[in-house]
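Before any comments, here is the structure.
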Amino acid sequence: MSSSQKVVVTCRVNGEDHTVLADPRDTLLELLRDRLEMTGTKEGCGNGNCGSCTVLADGVAVCACLVLAGETDGLEITTVEGLTANGTRHPVQQALIEHGGTQCGFCTPGIIMSAVALLNEKSKPTDAEIRHAIAGNICRCTGYEKIVRAISSAAETSATARAEV
Amino acid sequence: MNDPGQIDWSQKNSVVGKPLPRVDAGERVEGTAKYPADMALPGMLHAKTLRSPHAHAKIKSIDTMKAAALAGVKAIVTSGDFHDVPVGATIPMGEAGYDMWMVSVINIARDKVFWVGQPVAVVAATDPHIAEAALALIDVEYEALPAVMSIDAAMAPGAPAIHKHVITTGLEPPAQVPSNVCSRSVIERGNADDAISSAAASAAIDTTIDTGHQGYIEPQAMLAQVDSNGFAMVWAATQGQHTTELMISRMLDRPQSRIKVVPVEIGGGFGGKISIHGEAACVLLSEMTGRPVKMVMSREEVFQGGSGPPAAARHRIEVAAEADGTLTAIKGLYRQDCGGLPGLPPSLMMQASAALYQAPNLHLEGYDVVTNKPRTEAYRGPGGIQAYFAMEQAMDSLCQKLDMDPVEFRKKNAAVTGSTMPIGTPFPSIGLTTILDAVSKHDCWTSPLGEGAFPRGRGFGLGYWRGTSMTSACHISISGDGRPMVTMGSADISGTRTTMAQVAAEQFELSIDDVLVTMGDTKSVGYSDGAAGSRLARTMAAAIVEASDKALAELRTRAGRLLQTEPQTLTYERGVFRAPGAAQGGASISLAEIMQATLTDGAILETGVSTKLPLGVEVAAHVADVEVDTDTGQVTVLRYTAFQDVGRALNPTAVEGQIEGSVVQGLGWALTESFDYGDDGRLRNASMLDFRMPTALDVPPVEAVIIETPVPDVPYGLRGVGEVPIVPVGGCVANAVARAIGARVPQMPMTPERVLKAVKGR
Amino acid sequence: MNPYNYQKAATLADAVAARGQPGTFLLAGGTDLIAQMKSGHRAPVNVVDVKSIPELASVQATGDGGLEIGAAVCASKLAQNDTIRQQHAGLHDSVQLIGSLQIQNRASIGGNVCNAAPSADAVPALIVDAAQARIAGPKGERTIALEDLFAGPGRTTLSEGELLVSIVLPKPDERSASAYLRFTPRREMDIAVVGAAARISVDGNNNITGARVSLASVAPTPIRAPAAEAALVGAPASGATFAAAAIAAQTDATPISDIRGSAEYRRELIAVLVRRALEQCAVRLNLEISQ
Ligand SMILES: Cc1cc2nc3c(=O)[nH]c(=O)nc-3n(C[C@H](O)[C@H](O)[C@H](O)COP(=O)(O)OP(=O)(O)OC[C@H]3O[C@@H](n4cnc5c(N)ncnc54)[C@H](O)[C@@H]3O)c2cc1C
Ligand code: FES
Ligand code: FES
């Protein structure tokens, strides 16, 4: 294959189907950022080591930098852009704002996706479970505690919201 | 102008001092905040850098023909395309000037390469994959030279001199021949040797500190576009837009007026994003191709020589005291590895390391040496954590010998306002004794350590950083709806837009939602130094106070005119000017009404510039509880409490965030983070898997205890905040480990293997 | 990264056929392969995705009470499997140590095995469970003991055109338990400096009737520790026995010094981890351990 040949890739991101012309070397991360211009998902390492590219694939957290473009066919991808519905933020997003859980913000989308995956599984995680869930996401600014507090309070908010429904 | 000394800043606390959320948090959590890597312009090219595979080599030739012929490659630059910046060139940046030759060499190698990863050529192509592929097609002929990889090797007699122009300064008689030792600095008072030999107790430690890294999660990224008139726009994640402009201008010999640097969101800097690392190349490539050019470094590039790590060091400290615990002498030998190019003399770091103690006899002697590693750059209180790793261990050993409580020992010997600093001048305002009192009463110090499966220890450590002030500028304009709009000349790397919005809101007696603070580009606001040296919040607050006062004065004049009242007789409160007797139904007018009535009478556009603000020195005291697995050497930090005097916390959440983040960075370097260079000069662990920054599971919640001892003559009494909280961490944890296992670990990081060695050797 | 062709194999036959082409690499979770492609360490011409092949994608009970794990099943699926949690606790320990949750959601057991890293966490746990590797190739299928699959760092004994279909675990003895421990400087997101798995079976008198010990990161491949096993079998399950086995395990290993630790340090860790793994087995067997 020559170095400039493109391939057609299909994927479903945040509930929308896309058919894009991609470079055969693209990963899901490049597909999102460079081809679909959804730059909310960040690249901190490109090697699965930092978690800043975390997205949900069929509901579970994965590193978008370690998924090939071709593999996305048939996967349901959710990115940080897909969490804010009709102007309402996901409780995790809101809690991070309120608890000072985002500083430079570069790790933030990845942390949010890991936290959302956790809360989808466990509605009332312990602090230890929260720390375990974000252990694949390196944050260099916050020291983590404010993030843990935020996720914990988001779990409570979600629980209250569920109770009220 | 008001004299700040006359104002009771503690009364200003309706917005200032509140733990408000960041004004820019929304876009961060929604993923819409734009960092340079997120930007795209029509026709944009992608740049990739060819880097040296050698630690030390002559470049004999570079052939870019094959790469240029690859479909999609649009331009390639090598050193010949850049202005030749001479050795010794400086720019007026920072307190001592900034070495411009160094900046040029870290951006592109000329004739010789001094470390693995130094840039040799930069390619622009239509796709990042193509630019990457083109790098492999560039032929560079090197003549390898012997590499010098450690402080000891660099200082050894007969070591190959890396730079012909480096001749050790500070020697008597002056040195004549090239050396890897750039400078010798000495700070002397009394006679330390005599004091040590006659002391009741003394203690010494010889430490080795590995190279670390700032570890910002966002790799360096930038975008440049040169228009057909030759005007260059650069979007950069930088700690200083104006300093970036200055560096690009000198590297390309292009007038500053032809360059505009736009600061965009920055994914962490911590000192590592002061220098430019590719911006000048992108400008050149854009000029050559007529298209925008973006460069995004990979993580491997960041670690493998594409950015400047903080310095490795070898420090030896010896201290002595009388039997009652009165400190009599500090003797220090400091050797700092500045990497492939000469660094700053170590005197500032040396002074800082001894500053918190009153010792009648001092002998501090420091050297900075060049090695074939990446040129070091700043990291939170540059050199501080390394120096305090040695100093606080020496002091702790002395306490053990004296059988004295470490906090009581510090109280006895603490520097106070007016006491003599190592350089001989009186200490400016310092709240060390207040902090020590707080520690000795706090639960983290008084509660029992508790039992675990393995031995536990509690460590105490101090840290000091002087910080700086330099220049900050802002503009405030009043918008048509009466709201103040603040444009800062500096970049926001730590939440400055939020704290400055609090200051502006406080000055105008408005809510934080009624002010807007933005980072200005270099053509919209005047020169400001970068966000570094814990200076920005303090000095920008001073600039905003000045500009706000001026804007309020002009608003007052207009209000007087509109209310047909003498302006001086008006009272101002929460966005409304009132004529005398307004309470009884007299006239009043809001800022919005003033602006609506006078919008076309001329803009209200005021400036504030802060220069030479008094220093706001930073002091921190930390307490750590650890448990050491004596089978594996693994250290678990059970509890960590960080006390810090911040003068005044503009925003407690932001201050805690700085302290908590800093401590965790420090824990990383203290325990697991180390750059492991092979003999060939290649970094063997250039990934975030093998350069082990703490995860959420590796650290306890850090408790920040904020203490407020305001600095006189500074708006709100602000001190620096962001640097000192990393300084005590290495020493504090080392002291806890030593008290747990009964032996000292003199190397940082204190890896499990090193700790186990100490356990076995005890 | 070089350009490559990507294809999904739908059947085992497709995969075997594709595998025969030069420059073809199989892809499961990609957490090793994609990183290696990015670094230029591997430059496939064809990447064949095996995740959707039914035989590779399922976990099933075998007729004789054992378990057959499809090579492409990811670590987090295995962590949720009840049989693995109850009967193969060491494997359960190990799959939860691979990278982070993001990695575990992709990383397959077959990839962990076939990448053949000496540090692969799941491998020692599989070896102590007497795992068999079911292999398919152009000449049909064959089954070998898992420990015979490794040829050296990054190299397997799979021949041209062969692939790993599944891993078969026999049903463990009635009174038997396994454990896997590793040492890393970080709690997670790190590679084993040393890893140790153990399985012991005991009789009614708490004498050890069967033992397997396997180590990671102490030799060019994951290894069995025969000296340690010999020290265990026939001895009472006691602290002294475990300590003797731990020391014996040191002689089974040939560690090297590298960026993750010196040979000397690794040797120290072997004894610590083997002892702790055996103690963990005892805890799982509810044994009161005397010294
Ligand atoms: C950040 C990070 C952390 C990690 N941490 C750990 C860790 O802690 N412990 C650990 O053990 N590993 C770790 N790894 C390595 C990796 O995740 C594991 O080895 C994983 O199990 C590999 O599985 P995979 O499905 O992703 O393999 P792939 O990358 O898909 O494949 C790996 C190799 O096996 C071959 N292969 C795959 N399936 C088959 C098959 N059926 N037959 C024949 N060959 C096949 C591939 O061609 C390739 O050569 C880590 C990786 C990353 C990126
Ligand atoms: S960018 Fe994917 S994990 Fe770091
Ligand atoms: S907020 Fe900066 S890395 Fe997490």
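The values are calculated or read from the model by the stated rules, or taken from the named source; none is laboratory data. The shown structure was predicted, so the numbers you read here are calculated from the model rather than taken from an experiment. As a convention, Cβ positions derive from the backbone with ideal geometry for all residues, glycine included, and neighbour counts pool all protein chains shown.
Things worth noting here:
- Which numbered condition B:P700 misses (of (1) closer than 19 Å to C:I191 by Cα; (2) buried (at least 18 other Cβ atoms within 10 Å of the Cβ); (3) out of contact with any Gly (no Cβ under 8 Å at 6 or more places or on another chain); (4) within 14 Å of chain A (Cβ to nearest Cβ)): (1)
- Any hit, the range C:49-69, residues being within 13 Å of chain A (Cβ to nearest Cβ) and surrounded by fewer than 17 Cβ atoms within 10 Å (Cβ to Cβ): yes
- Scanning the range B:129-154 for residues that are under 31 Å from the mean Cα position of the chain (by Cα) and over 27 Å from B:H315 (Cβ atoms) yields no hits at all.
- Within the range C:226-242, residues that are in contact (Cβ under 8 Å) with a residue 12 or more places away in the chain sit with their Cβ atoms under 8 Å from residues that are in a helix (DSSP H, G or I) and of a type in the set (S, T, Y), at 6+ positions apart or across chains, in these pairs: C:A227/C:T251; C:A231/C:T241; C:L232/C:T241; C:A235/C:T241.
- A:C50 being in contact (Cβ under 8 Å) with a residue 60 or more places away in the chain, under 22 Å from C:Q104 (Cβ atoms) and within 16 Å of ligand 3 (Cβ to nearest atom): yes
- Test: residue in the range B:534-541 that is buried (at least 19 other Cβ atoms within 10 Å of the Cβ), β-branched (V, I, T) and under 13 Å from B:T496 (Cβ atoms): yes
- Check on B:G661, within 9 Å of another protein chain (Cβ to nearest Cβ), crowded, with 24+ Cβ neighbours inside 10 Å, in contact with a Ser or Thr (Cβ under 6 Å, 6 or more places away or on another chain) and outside any strand (DSSP E or B): yes
- The listed residue being closer than 23 Å to A:G51 by Cβ and not in a helix (DSSP H, G or I), out of C:K38, C:K51: C:K51
- Residues in the range B:206-230 that are under 27 Å from the mean Cα position of the chain (by Cα) and either among the β-branched types (V, I, T) or surrounded by fewer than 20 Cβ atoms within 10 Å (Cβ to Cβ) (or both): 7 in all.
- Residue selected from the range A:64-106 under the condition under 24 Å from B:I266 (Cα atoms) and among the polar types (S, T, N, Q), by the criterion nearest to ligand 1 (Cβ to nearest atom): A:T79
- When the test is whether a residue is buried (at least 24 other Cβ atoms within 10 Å of the Cβ) and either in contact (Cβ under 8 Å) with a residue 24 or more places away in the chain or over 19 Å from the mean Cα position of the chain (by Cα) (or both), B:C474 passes it.
- Failed item, numbered, when C:G20 is tested on (1) farther than 22 Å from C:V168 by Cα; (2) touching a helix residue (DSSP H, G or I) at 6+ places or on another chain (Cβ under 7 Å); (3) of a type outside the set (A, V, I, L, M, F, W, C): (2)
- Matching option when the condition is over 20 Å from C:A219 (Cβ atoms) and not in a loop (DSSP other than H, G, I, E, B), among C:I135, C:I144, C:I127: C:I135
- Residue match in the range A:45-54 (condition: more than 11 Å from chain B (Cβ to nearest Cβ), in a helix (DSSP H, G or I) and within 26 Å of B:A686 (Cβ to Cβ)): no
- Of all residues in the range A:138-165, those being out of contact with any Cys (no Cβ under 6 Å at 6 or more places or on another chain) and within 16 Å of ligand 2 (Cβ to nearest atom) number 1.
- Members of the range C:33-77 found to be in contact (Cβ under 8 Å) with a residue 40 or more places away in the chain and over 20 Å from C:A18 (Cα atoms), listed by number: C:T62, C:D64, C:G65, C:G66, C:L67, C:E68, C:I69, C:C74, C:A75
- If the condition is being more than 16 Å from ligand 2 (Cβ to nearest atom), within 14 Å of chain B (Cβ to nearest Cβ) and either under 20 Å from C:R224 (Cα atoms) or in contact with an Asp or Glu (Cβ under 6 Å, 6 or more places away or on another chain) (or both), then the range C:149-193 contributes C:L181, C:R182, C:F183, C:T184, C:R187, C:A192, C:V193.
- Of the strands (runs of 3 or more DSSP E) contained entirely in the range B:214-322, those carrying at least 1 residues that are within 16 Å of ligand 2 (Cβ to nearest atom) fall at B:221-226, B:293-296.
- Residue that is nearest to A:D58 (Cα to Cα) [pool: residues in the range A:6-37 that are more than 16 Å from ligand 2 (Cβ to nearest atom), aliphatic (A, V, I, L, M) and more than 13 Å from chain C (Cβ to nearest Cβ)]: A:V13
- Contact map, the range B:506-523: first residue in the same structural domain as B:A25 (by TED's automatic domain parsing), second residue acidic (D, E) and crowded, with 21+ Cβ neighbours inside 10 Å, Cβ cut-off under 7 Å, separation 6 or more or different chains; pairs are B:M519/B:D492; B:T522/B:E245.
- Residues satisfying the stated conditions in the range C:8-35, i.e. buried (at least 17 other Cβ atoms within 10 Å of the Cβ) and in a loop (DSSP other than H, G, I, E, B): C:A9, C:A28, C:G29, C:G30, C:T31, C:D32
For every residue, the table says whether it meets (1) assigned to a helix (DSSP H, G or I); (2) away from chain C (no Cβ under 13 Å).
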residue: A:K124; (1), (2): no, yes
residue: A:R131; (1), (2): yes, no
residue: A:G136; (1), (2): no, no
residue: A:R140; (1), (2): no, yes
residue: A:G143; (1), (2): no, yes
residue: A:I147; (1), (2): yes, yes
residue: A:A150; (1), (2): yes, yes
residue: A:A155; (1), (2): yes, yes
residue: A:T160; (1), (2): yes, yes
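- Top-ranked residue of the range A:66-107 - restricted to ones that are touching a residue at least 24 places away in the same chain (Cβ under 8 Å) and of a type in the set (S, T, Y), ranked as nearest to the other protein chains (Cβ to nearest Cβ): A:T102
- Some residue of the range A:69-80 being in a helix (DSSP H, G or I), within 16 Å of ligand 3 (Cβ to nearest atom) and among the hydrophobic types (A, V, I, L, M, F, W, C): yes
- Any hit, the range B:583-598, residues being under 30 Å from B:T471 (Cα atoms), modelled with pLDDT of 95 or more, assigned by TED's automatic domain parsing to the domain that holds B:M500 and not in a helix (DSSP H, G or I): no
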